[in-house]
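Okay, so here's the structure we're looking at.
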4 protein chains.
Amino acid sequence: MPDIEIGSGKSSRRGYGLGDVAIVPSRRTRDPEDVDLSFVLDGFTFQLPLVAAASDAVVSPRSAVEIARLGGLAVLNLEGLWTRYEDPEVVLDEIGSLPAAVATARLQELYAEPVREELIKQRIRQIGDSGVVTCAALSPQRTVQFAKAVVEAELDLLVIQGTVVSAEHVSRRPEPLNLKRFIREYDIPVIVGGCASYPAALHLMRTGAVAVLVGVGTGSASTTWDVLGLGAPHATAIADAAGARSRHLEETGVYVHVIADGGMSTGGDIAKAIACGADAVMIGAPLAAAEEAPGRRRYWEMAAAHPSLPRGSLVEAPLRGTLAEVLCGPAHDSDGAVNLFGALRAAMAMCGYASVKEMHKADVTVAG
Amino acid sequence: MPDIEIGSGKSSRRGYGLGDVAIVPSRRTRDPEDVDLSFVLDGFTFQLPLVAAASDAVVSPRSAVEIARLGGLAVLNLEGLWTRYEDPEVVLDEIGSLPAAVATARLQELYAEPVREELIKQRIRQIGDSGVVTCAALSPQRTVQFAKAVVEAELDLLVIQGTVVSAEHVSRRPEPLNLKRFIREYDIPVIVGGCASYPAALHLMRTGAVAVLVGVGTGSASTTWDVLGLGAPHATAIADAAGARSRHLEETGVYVHVIADGGMSTGGDIAKAIACGADAVMIGAPLAAAEEAPGRRRYWEMAAAHPSLPRGSLVEAPLRGTLAEVLCGPAHDSDGAVNLFGALRAAMAMCGYASVKEMHKADVTVAG
Amino acid sequence: MPDIEIGSGKSSRRGYGLGDVAIVPSRRTRDPEDVDLSFVLDGFTFQLPLVAAASDAVVSPRSAVEIARLGGLAVLNLEGLWTRYEDPEVVLDEIGSLPAAVATARLQELYAEPVREELIKQRIRQIGDSGVVTCAALSPQRTVQFAKAVVEAELDLLVIQGTVVSAEHVSRRPEPLNLKRFIREYDIPVIVGGCASYPAALHLMRTGAVAVLVGVGTGSASTTWDVLGLGAPHATAIADAAGARSRHLEETGVYVHVIADGGMSTGGDIAKAIACGADAVMIGAPLAAAEEAPGRRRYWEMAAAHPSLPRGSLVEAPLRGTLAEVLCGPAHDSDGAVNLFGALRAAMAMCGYASVKEMHKADVTVAG
Amino acid sequence: MPDIEIGSGKSSRRGYGLGDVAIVPSRRTRDPEDVDLSFVLDGFTFQLPLVAAASDAVVSPRSAVEIARLGGLAVLNLEGLWTRYEDPEVVLDEIGSLPAAVATARLQELYAEPVREELIKQRIRQIGDSGVVTCAALSPQRTVQFAKAVVEAELDLLVIQGTVVSAEHVSRRPEPLNLKRFIREYDIPVIVGGCASYPAALHLMRTGAVAVLVGVGTGSASTTWDVLGLGAPHATAIADAAGARSRHLEETGVYVHVIADGGMSTGGDIAKAIACGADAVMIGAPLAAAEEAPGRRRYWEMAAAHPSLPRGSLVEAPLRGTLAEVLCGPAHDSDGAVNLFGALRAAMAMCGYASVKEMHKADVTVAG
């Protein structure tokens, strides 16, 4: 790995964002209809390598069902509005018209309402009743507290997600979450993240998670890089996690999926994330632009409402079409924000690859 | 070739765009009038190393003749408006006044009209009747369908062009285009592209094509990079194709021309493309700014009208002068958009090179 | 150290700014409340690794006390308005409403008023009377002249600061400041800077200073890079100074603190400076946005008033909260300008580090 | 020299502009008044290392005298307005109010007026009568034609200048300029350029020139890079020419001066050019902002009026002060455009260097 010297004794490494790279077509092409986009996770098969982000602007119990029907996996935020309010639609209406100047302060107040265990169960069951795969997210801080309710609601897949989640959390508190023990003993398969490096991904894989979320500070509405100075260029983070996946597979025979999280706004971004090694992508902002999105044409991440250190903005997400159109087209604009997975299919066809795993072999070039 | 590591196990390579490089004058200069710009392709001689892009905004049967008279080669799009409409002028008028918000959707509708075989023949003959070299383009998908009509119309040069065209297309369909067999058996010399790498160019050269078009996602009105994530920095793609040309020449004794396609808007861009190894340049948008261009002061590429995944914009192309002025001057502005080939001549003279092939030796520097 | 060749015979080196890097979380996390931010300098303990810049816009005798109470160290400029005017509030009022066009010229006039020795003593005592640690700055040019007054006023820490300060000043004048002799013989511990390279920092450390200020041309309101062409990308300068600190520690057993000076506007910038090796940060502009700042919602550096070669602007510093909020939150915006040290604490926790010195080990990546 | 591969078989090299670099202060400082800025060229001594560009916007017979009195060397353009018009003031008035849209076309007409030999003599004598060193420029194309007149007018220094000037001009014309023979046989010392590489500079030095102008496409009002694709990042070009100077000195014992030409707009730019190896700087646009400049608050280069391929713009040059102020201060703004040589002096002092030749040793860093 070529080293960079920042200064005397401080080594570093050049990281690459998805915007720094492009996929170079190979010497082979293929018919788009012969391309298979499916994604299999712990026995569940999804027609699209899509995970909808645990943002209240994107996933409600209702939109979760629609996303599932279109072939993706939607993650409901169990510490969001749907588990804090009996009727979040009123709150969503208010957020939809918040002036920018007070947006963060008001989000902080709205998310100060306590999370209610019975709402957690109710929301999960509401999705499950539709017969689709259910998936929802907790923060590491509250996983232990709500784990039992989640099991009782018969969730299919649990996401444990934070800005940074590690396999080795040091704490003087009485009972911090021991991720490895929790996952081993828990009845529901777990997806865990964010992480952004080879060792962090590898250690998360070793906890027994079925997939890791890769990305720190990558979200389009995130301000983590500015606020905390933390981040990792996404193409590099994904490729590093893919490397950890290979090593973990060699060591254990288990293939832990790499889900690229955040910062992808076009089909091209998705294609590049997969070319860098992702098995699937977690996207938020592009879906907030769909008709069925609960976010009232706005997008925000959970960290935007942090009580003392908010790390995200409330951004506009102008209507671009139905969920079906945003995901699978047809597009009637040329900016790449609609028909995201039709674009992925076309890109794979133009490079001659027939499946997501084959696409991992694609050549990428670094552009200036 | 120095490798870049994107991340664990994912290697890459730095690519350079034409904007990343500049030509460094050598220690020799030359009189501009002693510079020879001619370009010889399969027995046809052109005074300028110019191929006009197969865009309805640039090449009509009439403008094709004018471009030929000025020393270039114009490519008529056989799947464009001229082969779909008896009278495309009305359609061009409408496109000329389309509001940006609905441009893509309306282009999609206008290009949904079927291509008519008799119009293909008629348009080719219309150009041929003027006594100039005729050249026209088909997509790989429809080449087989219209190949016979094209021969009957006695076309001089056929261009088979797509966003990405490979020598090895994989398909489960009954009869996909086998490029190698087609070109060997066809009565008309073929120019083929786009491609953007050494192996892709080499394999296209091995099909028997007389020239390859080099460039993926390079066009100024193209959004391929955003929509599909595909692309290749142009200076690198051209140099790679030039390397493939050398190898093919060594292996077969045949010199297949490299035509840099797209993204050049000034004489300086053209000079740099040639310094990187191009034998000629295919340009579109700069010619749409000529008085005789059919595009009504607008420019768009074929992919802008794709029915489900449009990959191009309808951009303004304000009037800059007659075709003669745009190509050979004089210029009365200093931005480099007029007198494109006068500029190429001057640049070659200031570097001491007497011909396009000599200019391939020019030193280029990478600027920050 | 990898060399760059600028041109024939002129070697150079790539430097990195704080904006070029990001901190990559490690495979460990930690509870924020277990993070220790304290900074110990020559026996004085500060709860925050914060030095407030010697700008009249930030440090007055009154705000110095408030900054000290919040855990930082404030540096009063002894050649600023407080030692030139009996009542600087009137002057500050005028500066607060200076139109941009005449700002520099008027600042030059206002700072042309002579520095008065009795005011030096009076201002230092005024701060000391509050029982907090006192710290104030002189330029190398006037250190000898005012050194005695400073001692008499019983200052705790003296800062000798200029755009560039070296341990080896060459002069034909009768008695230039010999920094090494001065510091050895002086009764007050000295912080000295700016410097921006390994050898410059090392030689300043050898003068006996307790800390060095690292940064040339880094301040957000500074125009030193444009005016003088001098500068050093800050991440590299800090890492180099940290390297010099290690060498000096090995040679002498003395740990001289590295204080990153200027150009940090968010908590993320501060975290990165510390990850690169800083023991503390000197910040100005972000504090000018605090309610208690004397600068009337504006910020300027001393060099902005240089009589013949001004090197700084008078910039706006819109109100962001109280000093307590700017330093320790809570923040109600997501741009990182408020809760600077809460952000540092969170960043350290997310990387698993428990102290500033541990944070020096953080991985940083270079982003595009 | 580390190579870059643009693509297969096309090598290149990274070049650095002055904006890519910064000077890193060393571990020594010096009093500004001990810095010597003088520049000696073929027996003539100038107090400042300043050559005023041969632009009609900067050098008239009158301003030439003023520049000389302030310590610099001014170059009158012998193919500009002063040798085409009896009374150029009227023409300058018109240029001063030309609307941007027609500027280039009108400049082309104004400069189509023929150059008159008697005016060449008259203008040179007019400057010489003031007792200052006289210097004027011809293009290589017309040097032979006017060489005799220039000698008769007793010019002190001749500049032979073009966008690119080489020591080896190839031509089929009867009598092209043989630079080497011309300079050897001519009675007046010659400064020649532009050039932008080691070999080009070396060969120009071997013609017997006393100085070479280094820079192609560097001028702030130049569009050579866009129009022709020619250019060379300036820091690299200067360092390469300085390397050629060393080799030529070793081979012949003769020190040929390197004059960095164009693209410097602040004192910092000048300091960086000198740190990269320049003996002096040729500047234009910054001087057009002086009260005494003939350009009516505008700046343009000779190539802006090229009859068929103009390569420069007519740019605004708002008043910044008298020539004395622009060159030697005091400045009352902080953007570095005034007190250019006071800034150079300060920069050299802060780096501890006492002369221009010592400043060649300054450390430079490449910033992101």
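Computed from backbone phi with θ = phi - 60° and the Karplus coefficients 6.51, -1.76 and 1.60, the 3J(HN,Hα) list for segment C:136-146 is 8, 10, 10, 7, x, 4, 10, 4, 4, 4, 10 Hz; x is used for glycine and proline. Here the scattering of segment D:75-154 is modelled by Debye summation over its C-alpha atoms, one equal scatterer each and no solvent; at q = 0.13, 0.20 Å⁻¹ the log10 of I(q)/I(0) is -0.44, -0.90. Distances between placed amide hydrogens fall under 5 Å for C:Arg13 paired with C:Ile4, D:Val366, all partners being 5 or more residues away or on another chain. Comparing A:Phe44, A:Phe146, A:Phe341 in a Gaussian network model of chain A, where Cα atoms under 10 Å apart are tied by springs, the biggest mean-square fluctuation is seen for A:Phe44. Close amide H pairs (under 5 Å, H built 1.01 Å from N) link B:Gly321 with B:Glu291, residues at least 5 positions away or on another chain. Here the 3J(HN,Hα) profile of segment A:285-293, calculated from phi with Karplus coefficients 6.51, -1.76 and 1.60 at θ = phi - 60°, is 3, x, 7, 5, 8, 8, 3, 7, 5 Hz, Gly and Pro shown as x. Taking every Cα-Cα distance in segment A:221-365 and sorting them into 5 Å bins starting at zero, the pair-distance distribution P(r) comes out as 2, 10, 16, 18, 18, 16, 12, 6, 2, 0 percent.
Neighbouring Cβ atoms from other chains, within 10 Å of the Cβ of residues in B:305-313, number 6 on average. With viscosity 1.567 mPa s and temperature 4 °C, the Kirkwood radius over alpha carbon pairs of segment D:81-128 converts through Stokes-Einstein to a diffusion coefficient of 111 µm²/s. Going from the fewest other Cβ atoms within 10 Å to the most, the residues D:Val281, C:Val90, C:Val59 appear in the order C:Val90, C:Val59, D:Val281. Taking a straight Cα-Cα cut-off under 19 Å and skipping sequence neighbours fewer than 8 places away in the same chain, the lysines within cross-link reach of C:Lys180 are C:Lys148. For B:His306, enumerate residues with amide H under 5 Å from its amide H, sequence gap 5+ or separate chain, H modeled in the peptide plane. HN-HN under 5 Å from B:His306: B:Arg311. Shape summary: the protein assembly as shown maps onto an equivalent ellipsoid whose semi-axes, from the alpha-carbon gyration tensor, are 51, 51, 26 Å in decreasing order. Between copies, the label points of B:Glu94, set 7 Å from Cα on the Cα→Cβ line, lie 5.0, 5.0, 7.1 nm apart, reported in increasing order to one decimal in nanometres. Across the options D:Ala147, D:Thr29, A:Ala137, the greatest Cα extent toward the positive end of the charge dipole of the protein assembly as shown (unit charges at beta carbon of Lys, Arg, Asp, Glu) belongs to D:Thr29. Calculated mean residue ellipticity at 222 nm for chain D: -10000 deg cm²/dmol, from DSSP H runs with n ≥ 4 weighted as -39500 (n - 2.57), summed, divided by the residue count and rounded to 500. Residues in segment C:252-259 carry Karplus couplings, in order, of 10, x, 9, 9, 8, 6, 9, 10 Hz; the curve used is 6.51 cos²θ - 1.76 cosθ + 1.60 with θ = phi - 60°, and Gly or Pro positions show x.
With 10 Å bins beginning at zero, the pair-distance distribution over Cα atoms of segment B:22-157 amounts to 11, 35, 28, 15, 9, 2 %.
Of the residues A:Ile95, B:Ile238, the one with the fewest other Cβ atoms within 10 Å heads the list, and the complete ranking is A:Ile95, B:Ile238. Take the Cβ atoms of B:Arg173 and D:Arg172, set R0 to 60 Å, and the FRET efficiency comes out at 0.55. Comparing D:Arg27, D:Arg247, D:Arg13 in a Gaussian network model of chain D (Cα springs below 10 Å), the most mobile by mean-square fluctuation is D:Arg13.
A viscosity of 1.002 mPa s and a temperature of 20 °C, combined with the Kirkwood radius over Cα pairs in Stokes-Einstein, give a translational diffusion coefficient for segment B:1-61 of 126 µm²/s. Using a Gaussian network model of chain D in which every pair of alpha carbons under 10 angstrom is joined by a spring, one finds that among D:Met350, D:Met282, D:Met264 the greatest mean-square fluctuation is at D:Met350. Semi-axes of the equivalent ellipsoid of chain B are 29, 25, 22 Å, computed as sqrt(5λ) over the eigenvalues of the C-alpha gyration tensor in descending order. Once you have the Kirkwood Rh of segment A:306-349 from its Cα pairs, apply Stokes-Einstein at 4 °C and 1.567 mPa s and quote D in µm²/s. Translational diffusion coefficient: 106 µm²/s. Label-point spacing for C:Pro330 across the identical copies (point 7 Å from Cα in the Cβ direction), in nm and ascending order: 5.1, 5.1, 7.2. Taking the label point 7 Å along Cα→Cβ, B:Lys148 and its counterparts in the other copies are spaced 7.8, 7.9, 11.1 nm apart, in ascending order. Simple spin-label estimate for C:Ser11 and C:Asp187 gives 4.9 nm between the two label positions (7 Å along the Cα-to-Cβ direction from each Cα).
Mean projected area of the convex hull spanned by the Cα atoms of segment B:119-246, taken over all viewing directions: 9.0 nm². Cβ-Cβ distance of C:Lys361 and B:Glu316, R₀ of 56 Å, FRET efficiency by 1/(1 + (r/R0)^6): the value works out to about 0.55.
Pairs C:Lys361/D:Lys361; B:Lys272/D:Lys10; B:Lys10/C:Lys361; A:Lys10/C:Lys272: which exceed 24 Å Cα-Cα? Listed pairs above 24 Å: C:Lys361/D:Lys361; B:Lys10/C:Lys361. Given R0 = 56 Å, the distance between the Cβ atoms of D:Glu118 and B:Asp42 translates into a calculated FRET efficiency of 0.45.
Neighbour counting of Cβ atoms within 10 Å sorts the residues D:Thr83, D:Thr45, fewest neighbours leading, into D:Thr45, D:Thr83. Find the centroid of the Cα atoms in segment A:307-368 and in segment C:188-208, then give the distance between the two in whole Å. The two parts, judged by their Cα centres, are 52 Å apart. Annotation note: GluC sites (Glu not before Pro) in segment C:73-148 located in DSSP loop regions with a Cβ neighbour count of at most 11 within 10 Å are C:Glu86.
The ellipsoid that matches the Cα gyration tensor of segment A:258-323 has semi-axes, each √(5λ) in whole angstrom, of 22, 18, 8, with the longest given first.
Where a number appears in this text, it was derived from the coordinates with a stated rule and is not lab data. Everything numeric here is computed off the predicted structure, so don't read it as measured data. Don't worry about glycine lacking a Cβ; one is built from the backbone with ideal geometry, like all the others, and counts go over all protein chains shown.
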